[in-house]
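Written below as structure tokens is the structure these notes are about.
The values are calculated or read from the model by the stated rules, or taken from the named source; none is laboratory data. A quick note: this is a predicted structure, and the numbers were derived from the prediction, not measured. For neighbour counting, all protein chains shown are included, and Cβ atoms are generated from backbone atoms with ideal geometry for every residue, glycine included.
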Amino acid sequence: MKKTVLIVAFVLLASANSFAAKSRYEKLELFNKVLYLIESQYYRKVDTGKLIQGAIKGMMNTLDPHSAFLNKEVFAKMQEDTSGEFGGLGLEVTQKDGVIIVITPIEDTPAYEAGLKPGDKIVEIDHESTVGISLEEAVEKMRGKPKSKVSIGIVREGVDGVKQMVVRRKIIQIQSVKSNLIDGNYVFIRLTQFQKNAAKNISTHIRKMKKKIKKSDNMKGIILDLRSNPGGLLEEAVDVSSIFLKDGIVVSTEGRDPKNKEIRYVKKTGHKELEAPLVVLINGASASASEIVAGALQDTGRAIILGSQSFGKGSVQTVAKIDDEKGVKLTIAQYMTPTGRKIQAIGIKPDVLVAEFEEKWVDSHNKTSYFVRERDLRNHLNATIETKEEKAARLIEEKEERQLRKKRLKALKQAHKNKNDKAKNVIKTYQPAQDYLVLQAVNYLKSYRIFKKLQ
């Protein structure tokens, strides 16, 4: 009986496979008929190779925006994007409903300095419409010889018509990690892209900042800024997360078969920062590897995620080689956070939603108040009779407060100078100590220390 059932099952399976194969051949026959009609009856002679490549591109366009056919030129340059040095403008772009949209201009690149912004729609490249071209073709058009110029026509929300921006291409060498000290003992780390050695560079910068902190004090917290970070290498996302996590899952991938999962775990070796309070800043242009790190640190309760909801690029692509000159970029899986949350088209929602403000708005609404207090009065009465040690500590505190006031006044003067420089088309240096979201992050880190004492 069992043998009979197995034979019947085999016959049914073979019939199903035969039907599927026949159905596919029938559809391919339709393609062949259309191709034959074009070749034989179109009023001009056609290039069959171009027709077939066009058909393949159309087939890929029915999938998601990240799957694409890679022609000879695009395929040859696929390896440049995460090397840290490549020619072009420094733009991370995507395509939605046939429109090329800026995810983010990478910091310190021609696109960033020209003033391109996340959300800008690129409708023209060198005065030619981008309607109907693929994402890879648009990227290829924006690349070119170093020092050559390209005109980018954009449509921006709140701006009438097409705005033309002339950008000079250059070989882009990205300094992916920058650091500063905020309020003396809060370490600010900005990561602009997950390129090779990103985690190693973050560790180096943290050590460097720690050395700058006074010996009498400790590092009170870390701010990891992933705003407008378009992502990059998955391995670096795992390594960056591993700096702040002891063990556990960083990210997993779910493919066509949900049972087949690839899991990436925290690396237990290397530089660790497990005790310092941590705030991670994200925004709508934080994508891919940025979302993996933010999701891992959020799920494990290791960090407060502050800012606005991230981009939502949680799919995994692979490049399959067709021959020596062509390939296909294909989406094969999607990322999930340690607790199984999916990132794709959802993004990471911050623990604390804080909107980003235009700098000119913050400057115009900024109010710095200094109050004369009781202890500033001459011959003021102390609550208790001070010991020598208490008096010495008070004098140090008052000195530090005076220095902080001077620093804030200097920062305000610099802000006004930067505003004037901007009017003269001078690129101003980013000052994290004047960044609204960074200051909010510092406030949360201070609050964390207070609540920890109350526990």
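How many residues does segment 263-289 contain that are touching a residue at least 40 places away in the same chain (Cβ under 8 Å) and either assigned by TED's automatic domain parsing to the domain that holds residue 443 or surrounded by fewer than 16 Cβ atoms within 10 Å (Cβ to Cβ) (or both)?
Of the residues in that region, 2 qualify.
Regarding residue 202, is this residue over 15 Å from the mean Cα position of the chain (by Cα) and under 20 Å from residue 304 (Cα atoms)? Full working, then the answer.
Values: over 15 Å from the mean Cα position of the chain (by Cα): yes; under 20 Å from residue 304 (Cα atoms): yes.
Criteria met by residue 202.
Looking only at segment 110-138, which residues are of a type outside the set (D, E, K, R), at pLDDT below 90 and surrounded by 17 or more Cβ atoms within 10 Å (Cβ to Cβ)?
First pass over segment 110-138, keeping only residues of a type outside the set (D, E, K, R): 110-112, 114-116, 118-119, 122-123, 125, 127, 129-135, 138.
Then drop every residue that is not at pLDDT below 90, which leaves 131-135.
Listed by number, the residues that qualify are 133, 134, 135.
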All positions within segment 264-279 that are more than 21 Å from the chain's Cα centre (by Cα) and under 24 Å from residue 186 (Cβ atoms): 270, 271, 272, 273, 274, 275, 276, 277
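Here's the yes/no breakdown for (1) over 23 Å from the mean Cα position of the chain (by Cα); (2) part of a helix (DSSP H, G or I); (3) not small (Gly, Ala, Ser):
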{"residue": "242", "(1), (2), (3)": "no, yes, no"}
{"residue": "256", "(1), (2), (3)": "yes, no, yes"}
{"residue": "262", "(1), (2), (3)": "no, no, yes"}
{"residue": "281", "(1), (2), (3)": "no, no, yes"}
{"residue": "287", "(1), (2), (3)": "no, no, no"}
{"residue": "296", "(1), (2), (3)": "no, yes, no"}
{"residue": "305", "(1), (2), (3)": "no, no, yes"}
{"residue": "324", "(1), (2), (3)": "yes, no, yes"}
{"residue": "329", "(1), (2), (3)": "no, no, yes"}
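Does segment 157-193 hold any residues that are more than 24 Å from the chain's Cα centre (by Cα) and either in contact (Cβ under 8 Å) with a residue 24 or more places away in the chain or within 22 Å of residue 276 (Cα to Cα) (or both), and which are they?
We begin by selecting, within segment 157-193, every residue more than 24 Å from the chain's Cα centre (by Cα); these are 158-164, 166, 183-185.
162, 164, 166, 183, 184, 185, listed by residue number.
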Just checking, which of 266, 316 is among the β-branched types (Val, Ile, Thr) and under 16 Å from residue 346 (Cα atoms)? 316
For residue 154: the one exception among (1) more than 23 Å from the chain's Cα centre (by Cα); (2) over 22 Å from residue 432 (Cβ atoms): (1)
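Can you find a residue in segment 335-354 that is in a strand (DSSP E or B), over 30 Å from residue 49 (Cα atoms) and among the small types (Gly, Ala, Ser)?
Quick first cut of segment 335-354, residues in a strand (DSSP E or B) only: 335-336, 342, 352-353.
This time we only want the ones that are over 30 Å from residue 49 (Cα atoms), so: 335-336, 342, 352-353.
Now narrow it down to the ones that are among the small types (Gly, Ala, Ser): none.
Checked segment 335-354: no residue is in a strand (DSSP E or B), over 30 Å from residue 49 (Cα atoms) and among the small types (Gly, Ala, Ser).
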Can you name every residue in segment 201-222 that is surrounded by fewer than 17 Cβ atoms within 10 Å (Cβ to Cβ), within 19 Å of residue 236 (Cα to Cα) and either in contact with a strand residue (DSSP E or B) (Cβ under 9 Å, 6 or more places away or on another chain) or free of Cβ contacts under 8 Å to residues at least 24 places away in the same chain (or both)? 204
Checked segment 321-337 for anything of a type outside the set (Asp, Glu) and more than 18 Å from residue 260 (Cβ to Cβ); matches are 321, 322, 326, 327, 328, 329, 337
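Any idea which residue in segment 94-107 is surrounded by the fewest Cβ atoms within 10 Å (Cβ to Cβ), counting only those that are more than 26 Å from residue 76 (Cβ to Cβ) and in contact (Cβ under 8 Å) with a residue 24 or more places away in the chain? Don't jump to the end; show me each part of the working.
Our first condition is that a residue be more than 26 Å from residue 76 (Cβ to Cβ); within segment 94-107, this holds for 96-97, 99, 107.
Next, only the ones that are in contact (Cβ under 8 Å) with a residue 24 or more places away in the chain stay: 96, 99, 107.
Details: 96: 10, 99: 13, 107: 20.
My answer is 96.
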